[in-house]
Amino acid sequence: MPASFSVLHQFPLHSLNTFGIAASARAYLRVTEKEQLLCVYADGAWATLPKLVLGGGSNVLLTGDFDGLVLHIALQGKEVLEGTQQHYLVRAAAGENWHAFVQWTLAQGVGGLENLSLIPGTVGAAPIQNIGAYGLEIKDVFHSATVFDPRSGETRVMEASACRFGYRDSIFKRDEGRHLIILDVTFALPRQWQPNLRYAELAAEPGLGNAPTPQQVADAVIAIRRRKLPDPAVIGNAGSFFKNPVVPGAQCAALLERFPNLVHHAQADGSEKLAAGWLIDQCGWKGRSLGAAGVYPKQALVLVNNGGASGAEVVALAQAIQADVQARYGVLLDPEPVFI
């Protein structure tokens with residue numbers, strides 16, 4: 001076994017989830033090289049244990065202790081590859097901090113990821129959730145990912161078409177791909193960069209001007225996010241807790257007759273995306289709490305740990321919000337974080 005194969009027992013997970021939920025794992029391994037994964041799945045004792053793959057812990061809700069082995073992906077490394085005439089290809093290991101990686105690409109003179117600045121988590125987690133913000137999603141800049149398949153012990157490269165990206169969704173969240181472990185991700189970023197200012201809120205941010213640089217766009221995104229969203233290092237949270245629901249056009253039209261101020265965005269297929277935060281706010285949840293779990297006063301889409309909240313308290317709050325929104329609007333909100 002590699003010298004780095006050092007499993008710790010009864011490991012606290014408080015610092016490994018951005019909600020700051022107190023929980024522990026039966027066993028824990030910090031993965032800094034692929035060989036550790038090969039050892040885990042080749043060893044009879046470890047192979048049979050339940051596994052939980054963690055990156056930055058920014059999209060999980062721990063509802064209790066984990067009676068298995070946590071694989072904390074901490075693979076490091078990043079590089080600008082040769083690319084093509086149209087794109088730079090930039091690769092980063094799965095354990096790299098996402099925001100730091102975005103800032104690093106800008107420092108290399110490569111734009112294209114700036115709209116996704118300040119999103120918590122790791123590079124490896126980004127395609128799993130198909131993270132998105134301010135008019136950009138991972139699928140728009142994704143080239144390929146190197147993945148380890150524990151079932152076969154093989155490593156392979158998956159291109160965008162194989163990842164089946166959807167709204168906050170990918171093959172890595174589905175039964176057929178949930179077992180795959182992302183080792184690195186390669187992004188295709190445009191050589192002929194143009195600012196993506198499709199979101200009015202971003203376009204109106206002071207200081208951008210008529211011809212902003214990628215770094216200026218990033219700075220604007222960072223400023224907006226810091227105004228609206230809590231810092232997980234200060235207030236435990238997992239960012240947006242619910243997905244924006246997508247409903248048929250006819251359902252949206254019926255809702256508009258009853259609620260003329262309904263916030264909605266037309267989709268290419270004729271459906272409508274509703275603003276989950278607006279729905280929650282209209283139901284009176286912004287700033288309210290149940291136990292130590294609450295709704296952030298500045299953004300109703302964010303559930304927070306006000307101090308010492310358990311996973312069960314967050315779940316109870318989420319369920320109460322879902323019930324109120326469904327009762328009033330007939331829409332079921334789908335949580336973004338994975339419940340463990």
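The values are calculated or read from the model by the stated rules, or taken from the named source; none is laboratory data. Quick caveat, the model's predicted, so the values are computed rather than measured. With ideal geometry, Cβ positions are generated from the backbone for all residues, glycine too; neighbour counts draw on all protein chains shown. Keep in mind that these areas ignore ligands, DNA and RNA; they rest on the heavy atoms of the full protein, side chains included. Shrake-Rupley method; radii C 1.70, N 1.55, O 1.52, S 1.80 Å.
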(message) Give me the helices (runs of 4 or more DSSP H) completely within region 186-262, filtered to those with at least 1 residues that are open to solvent by less than 60 Å² (accessible area, probe 1.4 Å), aliphatic (A, V, I, L, M) and touching a Ser or Thr at 6+ places or on another chain (Cβ under 7 Å), ordered by residue number.
(response) 214-228
(message) Residue pairs, Cβ under 7 Å, 6 or more apart or interchain, first in region 194-205 and among the basic types (Lys, Arg), second surrounded by 12 or more Cβ atoms within 10 Å (Cβ to Cβ). List them.
(response) Arg198/Gly135
(request) Within region 82-107, track down each residue that is modelled with pLDDT under 95 and exposed (fewer than 14 other Cβ atoms within 10 Å of the Cβ). (result) Glu82, Thr84, Gln85, Gln86
(request) Go through (1) open to solvent by less than 70 Å² (accessible area, probe 1.4 Å); (2) assigned to a loop (DSSP other than H, G, I, E, B); (3) under 30 Å from Asp334 (Cβ atoms) and name the single condition Arg178 misses. (result) (1)
(message) Within region 123-136, does at least one residue satisfy the condition of being assigned to a loop (DSSP other than H, G, I, E, B) and either basic (Lys, Arg) or open to solvent by 30 Å² or more (accessible area, probe 1.4 Å) (or both)?
(response) yes
(request) Give Glu114, Glu79 a once-over and let me know the one that is of a type in the set (D, E, K, R), buried (at least 22 other Cβ atoms within 10 Å of the Cβ) and touching a residue at least 12 places away in the same chain (Cβ under 8 Å). (result) Glu114
(request) Mind telling me which of the residues Ile138, Ile171 ends up being touching a Lys or Arg at 6+ places or on another chain (Cβ under 7 Å) and free of Cβ contacts under 8 Å to residues at least 40 places away in the same chain? (result) Ile171
(request) Read through the list (1) over 20 Å from Gly153 (Cβ atoms); (2) at pLDDT below 90, then give the number of the only condition that Leu61 fails. (result) (2)
